[in-house]
Each structure stands twice: as C-alpha cells, then as structure tokens.
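Chemist: Below is the structure I would like to discuss, written out as structure tokens.
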Amino acid sequence: MTRARRIAAFIASRLASVVLTIAGATLLLFLMVRLVPGDFASVMLGPRATPELRAQIIHDMGLDRGMLAQLWLFASHAATGNFGEDVVSHRPILDIVLEVIPNTLALAFSALALALLVGIPIGVIAALKPGSWLDSGLALLSISFITTPTLVVSVILFLIFAIGLHWLPVAGAGAPGDSVDRLRHLILPSVALALGWVGYISRLIRAALLDTLAELHVRTLRAYGVSEYRIVGLYALKLALVPVVSILGIGLGDLIGSSVVVEIIFARSGIGSLIFNSIAQRNYPVVQACVVFIVAFYIVANLVVDMINALLDPRIAAGRG
Amino acid sequence: MAISLRDLSVDYSLQQGTAHALRGVSLDIKKGEMLGLVGESGSGKSTVAFALMGLLANNARVTLGTATIDGKNFDLTKRNATAALRGRGMAMIFQDPMLSLNPVFTIGTQLGEVLRRRAPGSDRKTRVAMAEDALAKVKLSNPARRMNQYPHELSGGMRQRVVIAMALLSEPALLIADEPTTALDVTVEAQIMREIIGLRDRVGCAVLLITHSLGLVTEYCDAISVLYAGEKLESGTVKAVQRQPGHPYTRMLFDCEVPIDRERHADASQNSFTVISGDLPDPRRRPPGCIFNGRCDVSFAECAVVNPGDYPVGDDAGHSARCLRLATP
C-alpha cells in the first residue's frame with residue numbers, strides 16, 4: 001500500500017469510530033437526563049399547573065411514549081439537526097446553540113494557540129539547559145500557572161487590565177461584525193483560559209524533550225556536527241510533540257469545562273454560559289443539545305489530534321507507533 | 001596523514017567511586033588503513049571512540065590525552081575539543097542501526113542535514129542530488145525512493161547503509177565504526193564491511209573499527225590493537241600479531257575463535273571450547289603489576305609486582321606487547 005492510501009485508510013477507520021462514539025455518548029446522555037428527578041412538564045408549567053395541562057404537555061412532548069420510542073424520536077431528530085423548540089424563547093434550540101458556538105470556539109482555539117505559542121518555547125528553553133537556574137525558574141513559573149485556578153486568574157486579569165488600567169473591555173464578546181472589537185474582547189478571557197495550559201505544555205514539552213534527547217538517534221546528529229539548537233528545536237522537538245499533542249486531545253474537554261467559568265466571569269455569550277443559565281432554569285432540552293455539541297467537538301478534536309500525530313510520526317499511520 | 005591518539009585516560013564518576021575506564025591508551029592509524037580495536041565487553045573500546053568524538057556521557061572525564069587528526073592537534077581533556085571535526089574531519093557508524101536514525105524524519109532530510117554542515121551554501125537541489133548519489137554508492141537500491149522514506153520502512157542493514165552514506169557525505173579523515181555489524185544478521189555483515197572498505201577507499205580515510213570479533217579484524221583490518229580493562233596490551237599489523245601473538249591475552253583470544261575445520265563430537269556438549277577464565281579486574285582499584293595477571297596462564301612471581309611497559313615483539317617494527325616475558329632478553 002502506498003503511504004497516501006495508508007493514511008486514507010487510517011482516517012476512514014477513525015471516522016467510523018467517531019460516528020459510533022457520538023452515537024454512544026448521545027445514548028448515555030439521553031438516559032442520564034431522564035434519571036434526573038423532576039420532569040420537564042412541571043419545570044415548564046410551574047407547581048400550580050392543572051393535571052389536564054400537564055397531561056397535554058407530556059403528550060405533546062412525547063414523554064408518555066416508551067423509552068425506546070423517545071430515544072428514537074430524539075436520536076432521529078438530532079441526527080437531522082432538529083433539537084426541538086426552546087420552551088422559554090420559543091426559538092429552535094439548534095439556532096440558539098449555533099449562535100453561541102462561534103464565541104466558544106474562538107475562545108477555546110485562541111487559548112489553545114496562545115498556550116502552544118508560549119508553552120512550547122518555555123519547554124524548549126528549559127530542556128536546553130536542564131538543572132540550570134533558568135530551568136528552575138521556568139519550572140516555578142509553569143507550576144504556579146498550573147496551580148492557580150482559572151477562576152482566580154480570570155478575576156485578577158479582570159481587575160487589573162479591565163477595571164484598573166482600562167486597557168481592555170470589561171465584559172461581553174464585542175459588537176457583532178466589528179472584528180477588532182471582538183478581538184479586544186477575546187484577549188483577557190483567552191489569556192485566563194490559556195495560562196494553566198502554558199504551564200502544562202511547557203512541563204510536558206520539557207519532559208518529552210529530555211526523554212528524546214537521551215535516544216541514540218540524537219547521538220548520531222551530534223556525531224555529524226548538527227548544532228544543539230537544531231537538535232533540540234527541530235529533530236527532538238518533532239518527536240517530543242507526539243505525546244504532548246495526545247494529551248492535548250484529552251485536555252480539550254477540560255478547556256471547554258474551564259470556558260464555562262471564564263465565559264461567566266467575562267459575561268461572554270458562549271456554550272459555557274448557555275449551559276450554566278439553562279441548568280439554572282432547568283431547561284434540560286437546551287442542556288442536552290449543548291452537551292451533544294460538546295461531545296461532538298471533543299471527538300472531532302481528538303480525531304484532528306490523531307491526524308496531527310499521524311503527520312508528526314509516520315509510524316502511527318503505519319500502525320506501529 | 002596518519003591519525004594518532006596519545007595516552008588517552010578516561011574516568012567515569014560512579015556512585016561507588018571513580019572507575020578508570022581507560023589508562024594511557026595510544027593508537028596510530030595510517031591513512032587509508034583500517035585498525036581493528038578488539039577487546040571484551042567493558043574493556044573500554046567504545047569509550048575510545050566517544051572520547052575521540054567528544055560524545056562521552058556526562059559523568060565521564062578525559063584526564064589525559066591528545067589526538068592528531070587531519071594534521072591538527074587536539075587536547076582531549078578539553079570539553080568538545082574535537083567538536084569542529086564532527087561531520088567534517090570525523091564520522092561515525094554506530095552499533096545499532098535500528099536506533100541510530102531519527103524515526104520521524106525522512107532519510108533524505110537526515111542526509112541533507114550532514115550536507116548542511118559539509119557543503120554549506122549549497123542549494124537544496126544539489127544536496128538532494130549528492131545524497132541520492134551517496135545512497136547509490138553504498139548500494140542502497142532505489143535511492144530516489146529511499147530519500148522520501150522513513151527509517152521504519154527500511155531493514156537494519158539498509159539503515160546501516162544510510163548511516164554509511166552519512167559518513168561518506170561528510171568525507172572524513174577518520175571514520176570510527178563502533179561494532180557496525182554486531183546488531184545485524186551474519187549474512188549482512190560482509191556486505192556492510194564491504195561498504196565500509198569501499199568508503200575508506202573512496203575517501204582515503206583512516207578507519208577505526210571497534211569490535212569484539214577477531215574474525216572481522218583478521219579478515220578486513222590492516223592493523224590490530226588489543227584492549228584489556230582499559231589498557232592496550234598489544235598492537236601491530238594483523239599479519240604479525242596473528243603469526244606471533246606477543247601477549248598471552250591475545251593468544252588466548254585467538255584460541256577462543258573456533259576454527260571451521262575443527263573436529264566435532266556428535267554430542268555438542270562434548271565439544272571443547274577454549275575460554276578465558278576469571279573476570280575483568282575492578283576498574284576502580286587497579287591491582288599492582290600486570291593488569292592481566294589474575295587471568296594469565298603463564299604468569300610468574302614478578303608479574304604481580306611489576307607493571308610491564310610496551311616491548312617489541314619479533315622483527316616487525318610496529319609490533320609491541322605489554323608483557324614481562326618479552327622484557328627478559
């Protein structure tokens with residue numbers, strides 16, 4: 001098989017597993033929502049609803065049907081992108097979710113990009129001279145980034161740069177259509193979200209680099225006079241990125257989780273704040289739709305991670321990695 | 001231009017104390033010749049190679065030693081003394097070809113890296129052509145395709161050819177081959193040795209072949225040096241040493257080789273093999289007298305007291321051995 005065909009087969013097999021995983025996660029979510037005490041009808045109508053009205057609503061929503069029938073109804077509609085109508089705003093739930101998703105994606109990806117752009121160089125510098133004062137200083141910095149909760153970082157950044165210095169806007173996601181304004185609104189939340197990851201990534205890169213530098217192929221490069229900077233920053237780094245990228249895939253769930261906190265503090269609309277508000281209102285259909293999207297995002301992100309790793313390390317695509 | 005190494009001494013600091021891995025080892029290799037450095041595991045043969053390259057582990061220290069390579073003198077006690085020679089005046093072929101290439105870069109990229117240093121200023125196209133040419137010279141089939149392949153797509157023997165191509169591209173004055181065939185199939189051994197000889201003849205360099213196999217030395221080398229517990233016990237041309245080993249250790253090493261025409265018993269356990277009994281002396285505390293005294297079969301009282309110097313053996317000018325029996329006229 002040629003390399004292109006092998007990579008195509010690799011991607012196809014991963015895509016098949018993505019479809020299965022989304023289906024499984026949706027089923028689990030469906031069952032979990034039904035295990036939560038209280039039913040949708042009483043949430044919608046309040047405690048003084050008449051039994052007739054309750055029965056009517058339950059019938060309209062299909063909640064009087066069997067579990068399997070309900071599951072089929074939900075899954076078949078969800079598969080076509082129909083998550084029903086929101087009982088609070090009477091708008092399609094899909095529209096509500098799609099409206100906020102770009103905000104969350106912008107936040108998550110800018111935080112991730114920031115974490116990589118800052119974290120990788122810190123890790124590389126630390127690995128160049130292990131045990132030096134610079135290495136120890138960067139370790140201290142990284143660990144303090146990791147251990148400071150996103151909540152605390154958010155509040156500190158918010159107080160200093162938004163309220164104290166007035167450099168950056170206080171709240172919101174910026175005026176729609178005004179990309180400069182939206183970018184300015186993105187800075188503080190993404191720094192807050194990225195900081196812990198800067199610490200993680202730099203520590204991971206340092207450890208993976210030091211492991212890689214002990215391997216024999218590095219000695220070959222040294223024997224042929226390749227400079228230490230090229231060895232660390234290019235030849236060892238590409239190998240060291242593989243475990244780091246794998247961990248990033250798992251960590252993306254945490255990134256979305258932390259974005260709930262950041263979105264609330266900076267009053268940004270986004271999937272995090274939507275979930276938070278919907279839970280407060282017991283608006284489970286919206287929560288359910290949001291979680292389906294987060295699961296899909298998480299799985300697609302991990303697929304991308306696998307593909308990046310297959311590009312970084314050809315042995316993975318060959319099934320030997 | 002001959003290569004010479006003088007009085008190389010290397011210490012390793014270990015938790016249990018300082019191990020003297022090499023004590024005053026001197027070697028000479030003529031241009032265009034191959035010197036076989038033989039010795040058992042732990043004798044310090046690879047330490048010689050890495051001290052020359054300046055690639056010793058962090059806990060190793062060269063306490064004494066100078067080298068003359070390509071007409072220049074180097075004080076090996078200085079860290080990275082020979083750094084300027086790596087990839088230019090010196091090249092190395094390693095023991096384990098499965099591990100000595102970076103798994104996530106193509107063969108072409110790794111060969112190109114050698115040329116970045118050896119032929120600075122050359123454009124990419126020239127480098128690709130030079131690398132392909134080198135792969136063809138070491139008889140790797142389909143060189144153009146190999147350039148875009150990754151190490152895991154090649155066999156061990158093919159990977160060793162790639163490393164030989166790297167050495168070829170760097171056109172060294174000294175090539176060090178550290179057990180280049182040990183990790184490979186016996187069937188590949190002769191091919192790889194042929195490529196190393198081919199490289200030597202093409203570039204005209206001196207080759208230091210580090211091996212535990214006397215067979216390899218007698219077949220391919222011009223000269224031999226025998227290393228034991230960090231000391232050089234004998235050196236000379238292969239012919240002279242083979243004809244008349246000056247040191248009992250060398251003689252015992254030759255006796256350990258099983259001749260192909262030796263009579264064999266039907267019951268394999270009845271076959272007699274020559275072994276050298278005993279173990280290497282403690283590298284932290286050198287016993288007085290001859291280093292080989294504890295395992296020697298012809299030692300006498302003085303051997304435990306007097307540390308012998310290098311005495312000439314026979315008529316051959318370059319042949320010497322470190323044995324007291326040669327001192328008595």
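Every number in this text was worked out from the coordinates using simple rules, so none of it is lab data. Everything quoted here is computed from the prediction, not taken from an experiment. Neighbour counts are summed over all protein chains in view; Cβ atoms, including those assigned to glycine, are modelled from backbone coordinates with ideal geometry.
Chemist: Before anything else, pin down the relative contact order of the range A:76-207: Cα pairs under 8 Å, at least 6 apart, normalised by residue count, whole percent.
Modeler: Working: 138 pairs, mean separation 45.6, N = 132.
Rounded, it is 35 percent for the range A:76-207.
Chemist: Other chains' Cβ within 10 Å of A:209-216 residues: what's the mean? Display every interim value, and only then the final one.
Modeler: Details: counts 0, 0, 0, 2, 0, 0, 4, 9.
If you average over the peptide's residues, the count of other-chain Cβ atoms is 2.
Chemist: Which of the residue pairs B:K31/B:K239; B:K72/B:K232; B:K78/B:K139; A:K238/B:K137 have a Cα-Cα distance greater than 28 Å in the structure shown?
Modeler: Details: B:K31/B:K239 18 Å; B:K72/B:K232 24 Å; B:K78/B:K139 39 Å; A:K238/B:K137 30 Å.
Exceeds cut-off: B:K78/B:K139; A:K238/B:K137.
Chemist: With an 8 Å cut-off on Cα pairs and a minimum separation of 6 or more residues, tell me the relative contact order of chain A in percent.
Modeler: Numbers: 330 pairs, mean separation 77.4, N = 321.
Across chain A, relative contact order equals 24 percent.
Chemist: Using DSSP, restrict attention to beta bridges with both residues in the range B:3-228 and report what percent are antiparallel, rounded to the nearest 5.
Modeler: Working: 20 of 39 bridges.
Expressed as a percentage, antiparallel bridges in the range B:3-228 total about 50.
Chemist: Given the range B:3-228, what whole percent of its Cα pairs are spread farther than 26 Å? Can you show the working numbers first?
Modeler: Numbers: 9001 of 25425 pairs.
More than 26 Å apart: 35 percent of the Cα pairs in the range B:3-228.
Chemist: Taking a point 7 angstrom from the Cα of A:I163 along the C-beta vector, which residues in the range A:246-288 have backbone N less than 14 Å away?
Modeler: Flagged as within label range: A:265-267.
Chemist: Can you give the calculated 222 nm mean residue ellipticity of chain A, where each DSSP H run of n ≥ 4 adds -39,500 (n - 2.57) and the sum is split over every residue, rounded to the nearest 500 deg cm²/dmol?
Modeler: On the way: 13 runs with 236 residues, N = 321.
Taking each H run of at least 4 residues, the total per residue is -25000 deg cm²/dmol.
Chemist: Right, next: Between the range A:278-302 and the range B:117-173, what is the C-alpha centre distance in whole Å?
Modeler: 53 Å
Chemist: Take each uninterrupted DSSP H stretch in chain A, measure its Cα extent along the helix axis, and return the ones at 24 Å or beyond whose mean Kyte-Doolittle hydropathy is at least -1.0.
Modeler: Working: long enough: A:3-35 (48 Å, 1.42); A:93-128 (51 Å, 2.15); A:179-213 (44 Å, 0.90); A:237-265 (38 Å, 1.92); A:284-312 (41 Å, 1.98).
TM-like helix candidates: A:3-35, A:93-128, A:179-213, A:237-265, A:284-312.
Chemist: In whole percent, what relative contact order does chain B give with Cα contacts below 8 Å and a gap of six or more residues? Walk me through the numbers on the way to the answer.
Modeler: On the way: 631 pairs, mean separation 65.2, N = 329.
Relative contact order here is 20 percent.
Chemist: Separate question: How do B:245-256, B:278-289, B:85-96, B:8-19 rank on mean C-beta neighbours within 10 Å, highest first?
Modeler: B:85-96, B:245-256, B:8-19, B:278-289
Chemist: Compute the signed sum of charges (Lys and Arg +1, Asp and Glu -1) over the other residues within less than 14 Å, Cβ to Cβ, of A:Y229. Working shown, then result.
Modeler: Working: positive: A:K129, A:R222, A:R230, B:R116, B:R117; negative: A:E228, B:E113.
The answer is +3.
Chemist: Here's another thing I want to ask about it. Please arrange B:M53, A:M307 by counting, for each residue, the other beta carbons lying within 10 Å of its beta carbon, fewest first.
Modeler: Details: B:M53 21, A:M307 16.
Result, fewest neighbours first: A:M307, B:M53.
Chemist: Find how much the distance from B:K31 to B:T109 grows on full extension, using 0.36 nm per residue of separation minus their present alpha carbon separation; answer in nm with one decimal. List each step's numbers first, then the result.
Modeler: Numbers: separation 78, 0.36 × 78 = 28.08 nm, distance 3.06 nm.
Gain in length upon complete extension: 25.0 nm.
Chemist: Would you look at the GNM of chain A, springs on alpha carbons closer than 10 Å, and say which of A:L255, A:L27, A:L216 moves the most?
Modeler: Maximum among the listed residues: A:L216.
Chemist: At what distance in nm do the modelled label points of A:D211 and A:S13 sit from each other, each positioned 7 Å from its Cα along Cα→Cβ?
Modeler: With each label placed 7 Å out from Cα toward Cβ, I get 2.3 nm.
Chemist: Given R₀ = 56 Å, what would the calculated FRET efficiency be for A:L27 paired with B:S213, taking r from the Cβ atoms and rounding to 0.05? Each step should come with its number before you reach the end.
Modeler: Details: r = 64 Å, r/R0 = 1.14.
For R0 = 56 Å, the calculated efficiency reads 0.30.
Chemist: Placing unit charges on C-beta atoms (Lys and Arg positive, Asp and Glu negative, everything else neutral), compute the dipole magnitude of the range B:3-228 about its Cα centre in debye, rounded to 20. Mind dumping the intermediate values first?
Modeler: Working: 26 positive and 22 negative charges, 169 e Å.
I would put it at about 820 debye.
Chemist: I'd like the mean, over residues of A:233-243, of how many other protein chain beta carbons sit within 10 Å of each residue's own Cβ.
Modeler: Details: counts 0, 4, 6, 2, 0, 4, 4, 0, 1, 1, 0.
Whole-number average of other-chain Cβ neighbours for A:233-243 is 2.
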